[in-house]
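Read-outs throughout are calculated quantities, based only on the coordinates presented, and are distinct from any laboratory measurement. Keep in mind that what you see is a predicted model, and the values were worked out from it rather than measured. Ideal geometry is used to build each Cβ from the backbone, glycine not excepted, and the neighbour counts take in all protein chains shown.
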Amino acid sequence: MTRPVVVVGAGLAGLACAVELRRSGVEVIVVEASDGVGGRVRTDRVDGFLLDRGFQVMLTAYPELHRQFDVDALELRAFDPGAVVMRQQRPTVVADPFRAPRDLLSTVAAGTVRRIGTPADLVALARLRLRLRSPHPSRLLSGPDRPTLDHLRDLGFSRGFIEVFLRPLVGGIQLDPALTTSSRMFDIIMRMLLDGDAAVPAAGMGSVPGQLAARLPEGTIHLGVPVRSVTSEAVQVDSGEVRASRVVVATEGPEAVRILGGREVGSRPVGCVYFAADEAPIDRRLIVLAGDADGPALNVAVMSNVAPTYAPAGRHLIAAALPGTTITAETVDTTRRQLRGWWGGRVDSWDVVSTYSIAHGQPDQSTPLMPRRPVRREDGIFVCGDHRDTGSIQGALHSGRRCAESVVADLAA
């Protein structure tokens, strides 16, 4: 019998690879160490709440989203463009200059600019918008590269605007409050925000890998199967050896290094605290940014405002994202004190639904960023994942698809 291709890992990259292989008529087996599909993109149901494993969003401008998914079936619920900046315990609604340029005049008239930056920052934003919209998005990944903070300074943004607005916004997306991440990655993420929405599926982020997994024949995915080692022709598991025509390692970066060796893949950790409340602290579908850096939470979202399905009737779900933080009891208390400063004593009555500490939230993407790294190694083993592309859902999906295309070409050679 013809040996199947064995894919190690049922995260987004592994599932995208397996689906593309099946579409090309290639037999495939997926082995996954955990108890479910999705890798870092999973959703837990706790007491009627939908809890994504860490605060996550889907950017609707991602090309692979429209190439690989039935987008309508995901029932995406979008955040409104813009943000609420909490500074000196005072909320300021900031119009998104990329998505809502008509609101800039009202933003200026309301004195928002003076509270978070200078008029020159509006000029810098306009220049940035023009620069990012001109080339094809792929060209943004091949331009000059330097740390995001240096990039923002060179673009003419004031220190105040960077600290109050851009650091909590961009640092939250890149899990990098220090803004050391590659400016190429900053440019591509900002372009995606220009071209689309930030959204979550009505059934939680876990429905994204769930849709891919549903396209594979029953019996393709084997859960609870940790992998000890691999060669180009076999995968060693606890119960023995699985022979393969080709082997694809589609795990997150640190696990891929454990299996294959090679250069270490750095990690961007992140924590998340989920609170439940009877009343939402804001009534907008806007992300809330910590403009004063007055606690561990860099940004906060009322998930039930964006997608009511995330909470049971009469309740609200609040997600506090803490990039670079490991969650402890002390961290939860400090986060509550921070949010009490924003919204008063009612925060004391909020219940903690759950917390997440994610050691590898994203791969480190410091300079120089090298996207689209080869998916076939010299030893004949194939590798895919966001650490081979860009540290994003788009990167994971794209890496998985191009890896499958490489496997198909290799089988036909």
Projected area averaged over all directions for the convex hull of the alpha carbon atoms of segment 1-83, nm², comes out at 7.9 nm²
Determine one quarter of the surface area of the Cα convex hull of the chain, which equals its mean projected area, and express it in nm² to one decimal. 20.3 nm²
Taking Cα pairs under 8 Å and at least six residues apart, what relative contact order does segment 281-371 come out at, in percent? 22 percent
Separation of segment 267-308 and segment 1-61 by C-alpha centroid, Å? 27 Å
Residue order, fewest to most surrounding Cβ atoms within 10 angstrom, among 387, 136, 66: 136, 66, 387
How far is it, in nm, from the label point at residue 231 to the one at residue 127 when both lie 7 Å from their Cα along the line to the Cβ? 5.9 nm
Could you line up 411, 212 from fewest to most neighbouring Cβ atoms inside 10 Å? 411, 212
Go through 253, 89, 225 and say which Cα lies farthest out towards the positive end of the charge dipole of the chain; charges sit on Cβ, +1 for Lys and Arg, -1 for Asp and Glu. 89
Given points 7 Å out from each Cα along the Cα-Cβ axis, report the residue 118 to residue 142 separation in nanometres with one decimal. 3.6 nm
Counting only residues 5 or more places away or on other chains, whose amide H sits under 5 Å from the amide H of residue 29 once H atoms are built in the peptide plane? 5, 6, 7
Return the single residue from 213, 320, 329 with maximal mean-square fluctuation; model: Gaussian network over the chain, springs between Cα atoms under 10 Å. 329
Which ³J(HN,Hα) values in Hz, rounded to whole numbers, follow from the phi angles of segment 247-260 under the Karplus curve 6.51 cos²θ - 1.76 cosθ + 1.60, where θ = phi - 60° and Gly and Pro get x? 10, 10, 9, 10, 8, 5, x, x, 6, 4, 5, 4, 6, 10
Between residue 333 and residue 370, what FRET efficiency comes out of the Förster formula 1/(1 + (r/R0)^6) with R0 = 51 Å and r the beta carbon distance, rounded to 0.05? 0.80
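Under the rule of -39500 (n - 2.57) per DSSP H run of 4 or more residues, summed and divided by the residues of the chain, what mean residue ellipticity at 222 nm is obtained, to the nearest 500 deg cm²/dmol?
Mean residue ellipticity, 222 nm, calculated: -9000 deg cm²/dmol.
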Please tell me the relative contact order of the chain in percent, rounded to the nearest whole number, where contacts are Cα pairs under 8 Å and at least six residues apart. 25 percent
Show log10 I(q)/I(0) for segment 261-373 at q = 0.09, 0.19, 0.21 Å⁻¹, two decimals, from a solvent-free Debye sum over equal Cα scatterers. -0.29, -0.97, -1.13
Calculate the dipole size of segment 257-413 relative to its Cα centre from +1 charges on Lys and Arg beta carbons and -1 charges on Asp and Glu beta carbons; express the result in debye to the nearest 20. 380 debye
Once you've got the GNM for the chain with C-alpha springs shorter than 10 Å, pick whichever of 87, 268, 258 has the biggest mean-square fluctuation. 258
Which of 52, 187, 379 ends up with the largest GNM mean-square fluctuation for the chain, with Cα atoms connected below 10 Å? 379
Taking the C-alpha atoms of segment 173-321, how large are the radius of gyration and the largest Cα-Cα span, Dmax, in Å? 20.5, 57
Value of Rg to Rh for segment 152-206 (Rh from inverse mean 1/r over Cα pairs, i.e. Kirkwood): 1.04
Provide the per-residue ³J(HN,Hα) series for segment 173-188, in order, calculated from phi with Karplus coefficients 6.51, -1.76, 1.60 and θ = phi - 60°, each as a whole number of Hz, with x at glycine and proline positions. 5, 8, 6, 8, x, 7, 6, 8, 5, 3, 5, 4, 5, 4, 4, 5
Treating the beta-carbon of each Lys and Arg as +1 and of each Asp and Glu as -1, no other charges, what is the dipole magnitude of the chain about its Cα centre, to the nearest 20 debye? 1120 debye
